[in-house]
2 protein chains.
Amino acid sequence: MIPTKAYAAYDPTTPLAPYDFNRRDVGPHDVQVEIMYCGVCHSDLHQARDEWGGSIYPMVPGHEIVGKVIKMGTHVTKFKEGDLAGVGVMVDSCRVCDHCKQQLEQYCVEEMTGTYNAMERDGKTIAQGGYSTQIVTDERYVYSISPKLDLKAVAPLLCAGITTYSPLRHVGVTKGTKVAVAGLGGLGHLGVKFAASFGAEVTMLSTSPSKEKDARELGAHNFVLTTDNEQLKKYKGYFDVILNTVAANHSYKTYLNLLALNGKMIIVGIPPKASEVPAGTLLSNRRSIVGSMIGGTKETQEMLDYCAEHNIVADIELIKMQDINGAYDRMLKNDVKYRFVIDLASLK
Amino acid sequence: MIPTKAYAAYDPTTPLAPYDFNRRDVGPHDVQVEIMYCGVCHSDLHQARDEWGGSIYPMVPGHEIVGKVIKMGTHVTKFKEGDLAGVGVMVDSCRVCDHCKQQLEQYCVEEMTGTYNAMERDGKTIAQGGYSTQIVTDERYVYSISPKLDLKAVAPLLCAGITTYSPLRHVGVTKGTKVAVAGLGGLGHLGVKFAASFGAEVTMLSTSPSKEKDARELGAHNFVLTTDNEQLKKYKGYFDVILNTVAANHSYKTYLNLLALNGKMIIVGIPPKASEVPAGTLLSNRRSIVGSMIGGTKETQEMLDYCAEHNIVADIELIKMQDINGAYDRMLKNDVKYRFVIDLASLK
């Protein structure tokens, strides 16, 4: 067993606190990664506080994990000691269903095994995440990371990055596609970077005029204030794709009206309440709404390679493990540009 | 001017009654069709009773029009005297926008001109529909009908037919596609026929066990009772496409759960209230919802030619013009298999 230091939620209301536990020994197909950085995703907070129900405690959150390979199983082929590596939102899946065979393991018919707040497939081990010093994972769910990139800023690519990259690719965003991004947070800021790098004309949709300058610096070409009816009128029927990253409750109608013929609104956020969709707005212009959940193992590696080639990383604020509870408070006020990343050196 | 007999709604509450008016003279690009049959669409009733707001009176409903060409303008090339012809849901559009240029005139950026309950593009003539003896329409919006088919049963193809044919084609339904059709009415029964003729495996989704026999006779291979949780569980994640023709208020969630990876639910009905869409259900399996509105002029002709080749028509009940108000009452009770069609001989 591998002794591991971590921070865990012990229940829905107490602040996260130190927690020591053991990772499993490195099996023939496993890779042991010494965690150097871990991104702080909004879903960490949701699950730590049991806001989605069914949380498993003690819970070590964190699924934007990067670090260094320190040990490999005898059958591991993808990694050698000292390689930089990442682990994302899932650490296992059934591997034999049609979806797994297509390397779309996030849609595994038996459901993927989440990196934390989930039971491992042995049915008895609690999967524990990246607010910790070590992780042991089957190599299928471990990704290679180029040393060219700033490693701490790579961490958010493992969730926020693939969650925006995958659907933009899936709907065919390319040179000249008119893409709007709704919501400028951890997901939205990477959505802007990816869409711009694919050659799209990128527009930020926001309720806050103060976001315009930042959006343009990230690569947005236009900015639409969605509280201004005149601006909405001007962009009616304009966009081919809207990447909707808004996780708060909202009606989809305002955004749908902005879609062009055959336009698609991608949903990657899960608002607590179901959103309303007026059918007439969908029928006009043959519009669609399409859901998307992270990305499979093949595409996650492709995304990381693409980022290395195009020098794309997240904009982050580095924190110590001990500062996590304050970071959660600030995250609730959207007071972060655009992702907190934990420096696990602080826990060693 | 061309004297025309008709039945019209004079206001939202009085039964439809006889109405005489003049059609415009046949212009250089116009075709005059002596109307023989006109289908009765549920939207006729909605608009006659002003249930969508903004109704224009007197209103001659009807947009599933078939008859015989009796006069053509000097520039008309598609028709000669005596040809069978049809007019559907639109009689004009701007003709110059990108969508019109693609012959997707139903999505005209200046909005198509409806066959009734609309102003013609001259801004002063009320467009009047097919509960009448004559219609004069620009040939672009008039379709050729094969004499091989039973003409009275062709009428519903002009709205219910193209409304189901177009999206099934658009999402690529072909041999082996697993298609479910929700709602067995005017649209649904044609959806079943088209999907089956494309080689799909067709399943009827219904809340009423009594529909099973009829659905199978129309070409459905399976039947799922959506009030039975065991049956729903069995078909979870099963369908590639769901054609949702339900116009009553309903949550989309029950149907969405039945969609496979990359599955699409097509919306062609407009429930009075916006439907709720839980984002999580969309994210699972990367599901989509796509709206679709009738079809353009090119595809409407293609659909009619396809029907002639494959011997597809609607199942209808023929009525006299004088019986329209009773037919509306029965339509509200879903007491029709599956479309009323008016025999305009009764008005001559």
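Shielding by partners for peptide A:104-110, expressed as the average number of C-beta atoms from other protein chains within 10 Å of each residue's C-beta, is 3. A:ASP305 label point (Cα plus 7 Å toward Cβ) to equivalent points in the other copies: 4.4 nm, shortest first. For chain A, a Gaussian network of Cα nodes joined below 10 Å ranks A:GLU105, A:GLU64, A:GLU302 by mean-square fluctuation, and the top entry is A:GLU302.
Note on A:195-204: average number of Cβ atoms from other chains within 10 Å of each residue's Cβ is 0. Given a 1.4 Å probe and the protein chains as shown, B:THR77 ends up with an accessible area of around 120 Å². Expressed to the nearest 5 percent, the antiparallel share of DSSP beta bridges inside chain B is 55 percent. For the peptide B:292-305, the mean number of other protein chain Cβ atoms found within 10 angstrom of a residue's Cβ is 1.
Mind running the shape call on chain A? Use the C-alpha gyration tensor, a ≥ b ≥ c as the square roots of the eigenvalues: rounded below 1.5 for a/c, prolate if a/b tops b/c, oblate otherwise. Since a/c reaches 1.5 and a/b is larger than b/c, the shape of chain A is classed as prolate. In terms of its C-alpha gyration tensor, the range A:161-291 comes out rounded, because the ratio a/c of the largest to the smallest axis stays below 1.5. Of all beta bridges that DSSP places with both ends in the protein assembly as shown, some 60 percent have antiparallel geometry. Distances, shortest first, from the label point of B:CYS94 to those at the same position in the other copies read 5.1 nm; the point lies 7 Å along Cα to C-beta.
Heavy-atom accessible area buried between chains A and B is around 2800 Å² (1.4 Å probe, both sides summed). If both residues of a DSSP beta bridge must be in the range B:49-204, then about 75% of such bridges are antiparallel.
Per residue, the protein assembly as shown reaches -6500 deg cm²/dmol at 222 nm when only DSSP H runs of four or more residues are counted, each adding -39500 (n - 2.57).
A straight Cα-to-Cα reach below 13 Å connects B:LYS211 with the aspartates and glutamates B:ASP335, residues fewer than 8 places away in its own chain not being considered.
In percent, rounded to a whole number, the relative contact order of chain A is 18, using alpha-carbon pairs under 8 Å and six or more apart. Across the copies of the chain, A:THR14 has label points (7 Å from Cα along Cα→Cβ) spaced 7.8 nm apart, shortest distance listed first. Residue ranking by accessible heavy-atom surface, 1.4 Å probe, largest first, among B:ARG330, A:ARG287 comes out as B:ARG330, A:ARG287. Mind listing which trypsin sites (Lys or Arg not before Pro) in the range A:1-73 are in a DSSP loop and have 16 or fewer other Cβ atoms within 10 Å? Here the trypsin sites (Lys or Arg not before Pro) that fit, given the DSSP loop and packing criteria, are A:ARG24, A:ARG49. Applying a DSSP loop filter and a limit of 12 other Cβ atoms within 10 Å to the trypsin sites (Lys or Arg not before Pro) in the range B:153-219 leaves B:LYS175. Pairs from the table (A:LYS71/A:LYS101; A:LYS178/A:LYS333; A:LYS124/A:LYS273; B:LYS178/B:LYS213) lying more than 22 angstrom apart at Cα are A:LYS71/A:LYS101; A:LYS178/A:LYS333; A:LYS124/A:LYS273. Which shape class applies to the protein assembly as shown: rounded if a/c is under 1.5, otherwise prolate when a/b exceeds b/c and oblate if not, where a ≥ b ≥ c are the square roots of the Cα gyration tensor eigenvalues? Here the protein assembly as shown falls in the prolate category.
Accessible area per residue for the protein assembly as shown is 39 Å², calculated with a 1.4 Å probe on protein heavy atoms, without ligands, DNA or RNA.
The values are calculated or read from the model by the stated rules, or taken from the named source; none is laboratory data. This one's a predicted model, so the numbers in the text were calculated from it and none came from an experiment. For neighbour counting, all protein chains shown are included, and Cβ atoms are generated from backbone atoms with ideal geometry for every residue, glycine included. These accessible areas exclude ligands, DNA and RNA; they are computed on the full protein's heavy atoms, side chains included. Shrake-Rupley method; radii C 1.70, N 1.55, O 1.52, S 1.80 Å.
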